[in-house]
Amino acid sequence: FALWGQDAPEWLSMRFPDEPAIREFAEMWNTPGIRVVETTTGLQCRRVDWLGEPMVIVAGPRAEVSRVQAGLSAAGALPASHARWETRRIAAGWPEYGVDVTEEHLPQELARNERLLSFTKGCYLGQ
């Protein structure tokens with residue numbers, strides 16, 4: 001699942017007050033670059049900016065993810081529908097593989113040069 005918005009690490013901190021990895025994650029929230037931490041219970045939290053604003057992707061064992069989702073809901077977090085995700089994704093220009101893009105598309109068609117290509121390491125079309 002995903003939590004989006006600038007206050008996402010605070011929501012996680014409320015749910016994991018004694019988890020060192022979550023404290024570390026919250027402390028480095030505004031540091032540039034991709035950040036990933038793994039909790040002692042096997043959850044992975046990754047900051048991404050896919051939709052033009054900070055978002056935390058939380059993944060891990062199904063039972064643990066369900067427990068965290070229930071805890072966040074009990075704390076007042078509101079679940080978003082797939083339609084809400086689609087609306088935000090489309091507004092942000094974030095393509096979804098199989099819907100907006102296939103293997104027939106080039107990275108340049110998706111405005112993803114900075115994420116998908118390195119012209120200094122030999123990662124370019126025609127190589």
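The values are calculated or read from the model by the stated rules, or taken from the named source; none is laboratory data. In this text, all values refer to a predicted model and were calculated from it rather than measured experimentally. Positions of Cβ are backbone-derived with ideal geometry, glycine not excepted, and every protein chain shown enters the neighbour counts. Surface areas here come from the heavy atoms of the whole protein model, side chains and all, with no ligands, DNA or RNA. Shrake-Rupley method; radii C 1.70, N 1.55, O 1.52, S 1.80 Å.
For segment 23-39, a residue qualifies if it is in a loop (DSSP other than H, G, I, E, B), open to solvent by 30 Å² or more (accessible area, probe 1.4 Å) and closer than 14 Å to Leu12 by Cα, and exactly one does: Met28. Checked against (1) surrounded by 15 or more Cβ atoms within 10 Å (Cβ to Cβ); (2) over 15 Å from the mean Cα position of the chain (by Cα); (3) among the charged types (D, E, K, R), Asp100 passes all but a single condition, namely (1).
Given the structure, is Arg47 charged (D, E, K, R) and in contact with a helix residue (DSSP H, G or I) (Cβ under 7 Å, 6 or more places away or on another chain)? So Arg47 fails the test. For segment 1-21, residues that are modelled with pLDDT of 80 or more and in a helix (DSSP H, G or I) total 8.
For segment 58-96, a residue qualifies if it is in contact with a Gly (Cβ under 7 Å, 6 or more places away or on another chain) and either open to solvent by 50 Å² or more (accessible area, probe 1.4 Å) or not in a helix (DSSP H, G or I) (or both), and the qualifying residues are Gly60, Pro61. Would segment 42-53 turn up any residue that is open to solvent by less than 40 Å² (accessible area, probe 1.4 Å) and farther than 30 Å from Ala91 by Cα? Yes. When each of Gly42, Gly52 is tested for being in contact (Cβ under 8 Å) with a residue 24 or more places away in the chain and either assigned to a loop (DSSP other than H, G, I, E, B) or within 30 Å of Glu109 (Cα to Cα) (or both), the lone residue that passes is Gly52.
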